[in-house]
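Every number in this text was worked out from the coordinates using simple rules, so none of it is lab data. Just so we're clear, the structure is a prediction, and the values are computed from it rather than from any experiment. Methodologically, a virtual Cβ is constructed for each residue, glycine included, from the backbone with ideal geometry; neighbour enumeration extends over all protein chains shown.
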Amino acid sequence: MADVNRGNRPLSPHLSVYNQSYTGTLSILHRLTGMAMAVAGVLVVWWFLAAAVGPDYFALADWVLTSFLGHLVMIGALWALAYHLCNGIRHLWWDSGHGFELEQVRMSGLVVLTCSGALTVLVLLIANL
Amino acid sequence: MSFRTDRARVAGLGVARDGVGHWWAQRVTAVALVPLAVLFVIPFARALGAGREAVLATYAHPFNAIVAMLFIGTAFYHLKLGLQVIIEDYVHAKAPRAAALVANALGAWLFGLTGVFAVARIAIGQ
């Protein structure tokens, strides 16, 4: 070993020896929804630019965003936003030093999942009024 | 208790000194984005698919336009901070890491400012 003295440090966790729990899945979903919104954000900016430029360009961008695939992407992005927002509040709550007990973490995860689904449906209902 | 290895101490590796600023900026923008996201999404979802005239009318309203510009600007700043952490965590080779970090920073400014410009142009008129 080139570096025998590793310092008086804790070992990093060996992720592969653990069973993935749903709280772990929720954790990586925070990053995945963030990255997904980067893609959706670029599409939305392009749509706004097209609306500002003129009717012909807007027709193209609006067709892309409101096609079948476009609807899937936008509804997916809406859920990603709702999830990231709810889980972000959960993260801010953790940052303030609360909610680290295992039962609390499991419960807040379920609350985040429920609220993100409900918010998505609510916005879709409002949008189609 | 020191967590640093002898090698890191000799090489002079340590904190980059701006980590706390990055951490705080991510939290502050996160708090700002909670109300902004809600206020942005509802008029946007109603305007999407309603035709260009409806989009222009929606964002001719100063409240909708200001919320949209604040949301797009803050969201892309928050996005830049978040993607930067993801790149730093997963991209280890020196050249791809540097390229990804620069592309992330420039892309966030490009799309953030373009979005703000587009909404402003709709709000102010052609």
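Computed quantities for the displayed model
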read-out	value
Chain B: relative contact order as a whole-number percent, Cα under 8 Å and 6+ apart	30
Sparse-neighbour loop sites [chymotrypsin sites (Phe, Trp or Tyr not before Pro); the range A:30-105; at most 10 other C-beta within 10 Å; DSSP]	A:Phe100
Sparsely packed trypsin sites (Lys or Arg not before Pro) within the range A:1-106, loop by DSSP, other Cβ within 10 Å at most 14	A:Arg6
Global geometry of chain B, whether rounded, prolate or oblate, following the gyration tensor of its Cα atoms and the 1.5 cut on a/c	prolate
Selection from A:Thr23, B:Ile122, A:Ala77, by position along the positive dipole direction of the protein assembly as shown (Cβ)	A:Thr23
The range B:73-126 and the range B:1-18: distance between their alpha carbon centers, rounded to Å	30
DSSP loop trypsin sites (Lys or Arg not before Pro) with at most 14 other Cβ within 10 Å: longest gap in chain B	B:18-126
Dipole magnitude of the protein assembly as shown about its Cα centre (Cβ charges: Lys, Arg +1; Asp, Glu -1), debye to nearest 20	580
Charge dipole (debye, nearest 20) of the range A:2-112; +1 at Cβ of Lys and Arg, -1 at Cβ of Asp and Glu	320
The protein assembly as shown: Rg to Rh, with Rh as the Kirkwood radius over Cα pairs	1.04
Under the span-like rule (Cα at least 20 Å along the axis, Kyte-Doolittle mean at least 0.5), DSSP H helices of chain B	B:19-47, B:62-90, B:94-124
Simple Cβ-charge dipole of chain B, Lys/Arg +1 and Asp/Glu -1, about Cα centre, in debye nearest 20	260
For the range A:62-76, Karplus couplings with θ = phi - 60° (6.51, -1.76, 1.60), whole Hz, Gly/Pro x	5, 5, 4, 6, 10, 5, 4, 5, x, 4, 4, 5, 5, 5, x
Top positive-direction residue, dipole computed over the range B:18-124 with Cβ charges, set B:Leu48, B:Ala32, B:Ala100	B:Leu48
Relative contact order of the range A:19-118, defined on C-alpha pairs under 8 angstrom at six or more residues apart (%)	32
Helix-derived mean residue ellipticity, 222 nm - over the protein assembly as shown, DSSP H n ≥ 4, -39500 (n - 2.57), to 500	-27500 deg cm²/dmol
